[in-house]
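Please read the structure below before turning to the comments.
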Amino acid sequence: MTMTKPQLSACSHCDLLIAPYQPQRPQDIKHSAKCPRCGSHLYHKAQCQPSTILALSITALLLLIPANTYPLLAMTMIGTTEKVSLIQATVKLYQEGNFFIALLIFICSTLAPAMMLLSLACASYLSIFHTQSPRLKLFLKWVDHLSHWSMLEVYLVSFLVALIKLVDIADIELGVGLICFSLLMVTNSLILTLFDPSDYWDRVTVNGIS
Amino acid sequence: MESAKNNGLARCHECGLVCRFQPNSQCPRCDAKLHLRQPHSIQKTWAYLITACIFLIPANFMPITLLVSQGKATPDTIMSGVYALIDEGSTGIAIIVFVASILVPLAKIVGIMIILVSIHFRLKISHKLRLLMFKFIDWIGRWSMLDLFVISIMVAVIDKGQLLVIVPGPAATAFALVVLLTLLAAKNFDTRLMWDMEEDNDWTN
């Protein structure tokens, strides 16, 4: 297997072959580029180090635990109070016999975000300390696949919709879980904006080429 | 303006490395199997879309939730839920739910079908416009999950045994399948196919 020109790139949306951009002066270095044919976003150079991503993803992973287990809200209705956490909401659906919906919701709201953050933390750690590790490639692929199924922001908006539906029929008290979940969503969005997969891939050593 | 494919080069779908393409070869950087285009992209996308179309019917006409109060069940479809929200005076939320659960799945299916048909019949539609439409469809698709999340929260919170219970109806599973299938359809569609057909023509349109 031989590589042609290592710097050559292609647009992921229209397959246009793009020659490497070589700025003469350091102030000419661009932080992002668009495909001249289809206008798609080509790359944005990382504005932060993998260590920043590592720190942020550990923060998010820590927030993930209370966000999932602490109650999102407490609802008082007909004399009794019901406290519900994110995990309980999924488990209840499963107990009602809706295995498929429960699984889909579990993947999108808990499993995919957790696995994505974990893979990203591992990938960041390896790209700082062990760029030779074959696992780095594996984690980077996982991050890409899992980020499609992580839907934290959708869940937060859904929660607000449910809240408006409930507020007329019962007394609602917001829980600690909601604060953690909101913080988790903000951290997650920040990570997705700062994380640049091509920067990580450039650190991976290519077979046969030093 | 030439594509990588015309130069015998393939962009790895996993890591983005551009390398020389040989059949059954692997990416030298990430070991993924190399493809010039996603294999069977159009067939897979059609299959997911047609299945989604079929499930769209029960998703919209069967009850998505059942409100059981003292032994009496009140079924609610997606549309009646939207009407109920308008009656309560929360028109803004009604619009969000209507867009996320009725408009988006339908627009997604129709939108991707238009793109597939235009590729098949080589229709002269602006490539940039089509790509923009696809990107929008791809981005907005995940918001269809909204209604399912709302149901899961409502089911968990309103549980008073004999007095008042909310149970997901048969449409909930159908709706979940529609969302899942349209997400997979968008994921399996290779946008590069749109640009392949007019490679030699003027690309500025």
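The values are calculated or read from the model by the stated rules, or taken from the named source; none is laboratory data. This is a predicted model, so every value here is computed, not measured. No Cβ is skipped: glycine too gets one built from the backbone with ideal geometry, and neighbour counts run over all protein chains shown.
Going through the range A:42-91 one residue at a time, which ones are among the hydrophobic types (A, V, I, L, M, F, W, C) and assigned to a strand (DSSP E or B)?
A:LEU42, A:LEU72, A:LEU73, A:ALA74, A:MET75, A:MET77, A:VAL84
The one condition from (1) without any contact (Cβ under 8 Å) to a residue 40 or more places away in the chain; (2) closer than 24 Å to A:GLN47 by Cα that A:LEU118 does not meet is (1). Among the residues of the range A:155-177, the ones that are buried (at least 20 other Cβ atoms within 10 Å of the Cβ), modelled with pLDDT of 90 or more and either in contact with a Gly (Cβ under 8 Å, 6 or more places away or on another chain) or not hydroxyl-bearing (Ser, Thr, Tyr) (or both) come to 2 in all. Scanning the range A:125-152 for residues that are more than 12 Å from the chain's Cα centre (by Cα), surrounded by 15 or more Cβ atoms within 10 Å (Cβ to Cβ) and not in a helix (DSSP H, G or I) yields a single hit, A:SER133. When residues in the range A:171-210 are screened for being under 13 Å from A:ALA60 (Cα atoms), away from chain B (no Cβ under 14 Å) and in contact with a Leu (Cβ under 9 Å, 6 or more places away or on another chain), 7 of them pass.
Residues in the range B:21-52 that are in contact (Cβ under 8 Å) with a residue 40 or more places away in the chain and under 21 Å from B:LEU103 (Cβ atoms) were compared, and the one that is farthest from the chain's Cα centre (by Cα) is B:THR51.
So that you can scan it fast, the table gives a plain yes or no per residue for (1) away from chain A (no Cβ under 11 Å); (2) modelled with pLDDT under 90:
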{"position": "B:VAL82", "(1), (2)": "yes, yes"}
{"position": "B:LEU85", "(1), (2)": "no, yes"}
{"position": "B:SER90", "(1), (2)": "no, yes"}
{"position": "B:VAL97", "(1), (2)": "no, yes"}
{"position": "B:LYS108", "(1), (2)": "yes, no"}
{"position": "B:ILE125", "(1), (2)": "yes, yes"}
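Please go through the range A:178-199 and pick out each residue that is touching an Asp or Glu at 6+ places or on another chain (Cβ under 9 Å), in contact (Cβ under 8 Å) with a residue 40 or more places away in the chain and either of a type in the set (Lys, Arg) or surrounded by fewer than 20 Cβ atoms within 10 Å (Cβ to Cβ) (or both). Listed by number, the list holds a single entry, A:PRO197. Of the residues in the range B:53-72, at least one is free of Cβ contacts under 8 Å to residues at least 60 places away in the same chain and closer than 30 Å to A:CYS14 by Cβ.
Of all residues in the range A:35-75, those satisfying the criterion of being hydroxyl-bearing (Ser, Thr, Tyr) and either buried (at least 20 other Cβ atoms within 10 Å of the Cβ) or within 11 Å of chain B (Cβ to nearest Cβ) (or both) are A:SER40, A:TYR43, A:SER57.
Enumerate the strands (runs of 3 or more DSSP E) found wholly within the range B:1-77, keeping only those where 2 or more residues are more than 14 Å from every other protein chain (Cβ to nearest Cβ) and within 30 Å of B:PHE149 (Cβ to Cβ). Walk me through it before giving the result.
Values: elements: B:9-11, B:18-20, B:65-69, B:72-76.
Qualifying strands (runs of 3 or more DSSP E): B:72-76.
Being surrounded by 15 or more Cβ atoms within 10 Å (Cβ to Cβ), over 25 Å from B:ILE50 (Cα atoms) and either under 22 Å from the mean Cα position of the chain (by Cα) or not assigned by TED's automatic domain parsing to the domain that holds B:ALA73 (or both) narrows it down to one residue among B:SER144, B:SER152, B:SER90; which is it? From the options B:SER144, B:SER152, B:SER90, the qualifying one is B:SER152. Suppose we keep only residues that are touching a residue at least 24 places away in the same chain (Cβ under 8 Å) and touching a helix residue (DSSP H, G or I) at 6+ places or on another chain (Cβ under 8 Å) within the range A:78-106. Which one would you say is surrounded by the most Cβ atoms within 10 Å (Cβ to Cβ)? Per the criteria, the residue is A:LEU86.
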